[in-house]
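Since the structure comes first, as structure tokens, the remarks are kept for the end.
The values are calculated or read from the model by the stated rules, or taken from the named source; none is laboratory data. None of these values were measured; they are calculated from a predicted model. When we count neighbours, we look across all protein chains shown, and the Cβ atoms used for this are built from the backbone with ideal geometry, even at glycine.
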């Protein structure tokens, strides 16, 4: 059971990115749109403040009353990530949850990298694949940290993000071309192709799991395994003891 949960949990980051990219409105459990945009998350009360775009009026909505897609969207929003919570986000089970959530995507991306690099360079050496994959993601991670620091300190917004993506997209293929002794453009192809291939495998797996399990089972799993442990929603109250 725990192994199955860990596998499902490992796609959290990719689901969060997909949820943010595709969701147009914030909705409640009944599917009705919530007017306005979220402006604050109270980690103690587990409430989200929505501000109407026209009137400026703010409305408090319990996080547990949001639809599943909106709760997943909130999970990866800056409002939730920056909110103060007890216990802190990186603490105990929460930290374990996030670490485990990166395990399978890394494995899938590593496999996708090996296959795409083999396809473009005709070199199937797994040592080359491990060196290229780990090294390229070390470069990307280092640049991401640097530009995240600049984003916070300089408040550069989308310009700093685009600059970081451009630099990472220019530097990483140079490393891959050196590892595989191939052209700079083949390094680009390996980098982009393994991202698309890995994302496709993960997205297909998640869609199949949700289709087979059903909406109610998936929502209950997210609530018990993800939202409550990470402090996005309040713990469910235990049922009252039976009368004797």
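Which pairs have Cβ atoms under 8 Å, sit 6 or more apart or on different chains, and link a residue in the range 111-127 that is closer than 12 Å to residue 180 by Cβ to one that is in a loop (DSSP other than H, G, I, E, B) and at pLDDT below 95?
114/124; 117/123; 118/124; 120/182; 121/182
With the checklist (1) closer than 30 Å to residue 103 by Cα; (2) more than 15 Å from the chain's Cα centre (by Cα); (3) at pLDDT 80 or above in hand, flag the one item residue 1 doesn't pass.
Looking at each condition in turn, residue 1 falls short on (3).
Within the set of pairs 6 or more residues apart or between chains, which connect a residue that is free of Cβ contacts under 8 Å to residues at least 24 places away in the same chain inside the range 72-84 to a residue that is in a helix (DSSP H, G or I) with Cβ atoms less than 9 Å apart?
Within 9 Å, the pairs are 81/75.
Is it true that some residue in the range 161-180 is in a helix (DSSP H, G or I), out of contact with any strand residue (DSSP E or B) (no Cβ under 8 Å at 6 or more places or on another chain), more than 30 Å from residue 115 (Cβ to Cβ) and at pLDDT below 85?
Looking through the range 161-180, at least one residue is in a helix (DSSP H, G or I), out of contact with any strand residue (DSSP E or B) (no Cβ under 8 Å at 6 or more places or on another chain), more than 30 Å from residue 115 (Cβ to Cβ) and at pLDDT below 85.
I'd like to know if the range 5-17 contains one or more residues that are within 30 Å of residue 200 (Cβ to Cβ) and either out of contact with any helix residue (DSSP H, G or I) (no Cβ under 7 Å at 6 or more places or on another chain) or at pLDDT 75 or above (or both).
There is at least one residue in the range 5-17 that is within 30 Å of residue 200 (Cβ to Cβ) and either out of contact with any helix residue (DSSP H, G or I) (no Cβ under 7 Å at 6 or more places or on another chain) or at pLDDT 75 or above (or both).
Which members of the range 71-126 meet the condition of being at pLDDT 90 or above and assigned by TED's automatic domain parsing to the domain that holds residue 39?
If the condition is that a residue be at pLDDT 90 or above and assigned by TED's automatic domain parsing to the domain that holds residue 39, then 71 is the only one that fits.
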